[in-house]
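The next block holds one structure in the form of structure tokens; read it before the comments.
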Amino acid sequence: MSLYRILCAWRILLPIKLGAHHFLLTSDKAQFEAAQNTFDFILDTVSAPHDIAAYMSLLKTDGTHICVGAPPEPSQIPAFALIVGRKSVAGSMIGGLPETQEMLDFCAANNIVSDVEVIDIKDIATAYERMLKGDVRYRFVIDMATL
């Protein structure tokens with residue numbers, strides 16, 4: 001498993017801790033160039049505008065870029081980014097209740113848990129400011145007992 005990340009350097013060791021065998025810092029041009037044609041698939045969870053066409057070059061022949069994030073603007077992918085190497089783009093919305101329950105049951109059975117930062121409701125504004133600054137390692141979860 002490999003992970004790629006656009007964000008800041010303090011996150012480099014976290015994917016390794018979470019089980020990744022490799023880590024690609026996409027803002028490092030040398031790493032990005034070295035990773036050309038090395039991925040079987042890319043699971044793209046980014047909801048911000050980004051250049052999907054650039055990431056197509058990371059895929060091997062017959063590779064697939066799977067979009068589950070929803071950027072606000074349509075993506076522009078030149079035909080040759082797909083034609084050269086028989087690459088594909090696919091997408092998926094989140095599953096319904098049965099699929100979500102199946103995933104939760106699987107996680108419970110296999111002790112797969114989330115890393116979260118629990119916050120009090122009174123700290124929501126500070127959490128929002130931290131999110132805007134990129135100072136968030138895990139998903140914020142509001143402690144419902146503080147409502």
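The values are calculated or read from the model by the stated rules, or taken from the named source; none is laboratory data. Note that the structure is predicted; figures quoted are calculated from it, not measured. Note: ideal-geometry Cβ built from the backbone for every residue, glycine included; neighbour counts use all protein chains shown. Only protein heavy atoms, including side chains, enter the accessible area calculation; ligands, DNA and RNA are left aside. Shrake-Rupley method; radii C 1.70, N 1.55, O 1.52, S 1.80 Å.
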**Report entry** Per residue accessible area of the chain, 1.4 Å probe, in Å²
**Finding:** 71 Å²
Report summary line: Expressed in angstrom and rounded, the centroid-to-centroid distance over alpha carbons for region 17-62 and region 69-147 is 18 Å
Query raised in the report: So for the pair Val113, Ala145, with labels modelled 7 Å out along Cα→Cβ, what separation do we get in nm?
Result: 1.6 nm
**Report entry** Assigned charges on the beta-carbon of Lys, Arg, Asp, Glu; region 21-136 dipole about Cα centre (debye)
**Finding:** 440 debye
Query raised in the report: Mean 1/r over all different Cα pairs, inverted: what Kirkwood radius does the chain give, in Å?
Result: 17.8 Å
**Report entry** Residue-wise HN-Hα coupling along region 57-65, computed from phi with Karplus coefficients 6.51, -1.76, 1.60 (Hz; x: Gly, Pro)
**Finding:** 5, 7, 7, 6, 4, 6, x, 10, 9
Report task. Could you tell me which trypsin sites (Lys or Arg not before Pro) in region 101-147 are loop residues by DSSP with no more than 14 other beta carbons within 10 angstrom of their beta carbon? Result -> Arg137
Query - Other-chain or far-sequence residues with amide H under 5 Å of Thr64's (modelled H) - result: Phe41, Ile42, Ser88
Requested in this report: Find the relative contact order for the chain and round it to a whole percent, using C-alpha pairs within less than 8 Å whose residues are 6+ positions apart.
Outcome: 15 percent
Report summary line: Measuring from the longest principal axis of the C-alpha atoms of the chain, the long axis of helix 124-133 (C-alpha) lies at a number of degrees, nearest 10, equal to 20 degrees
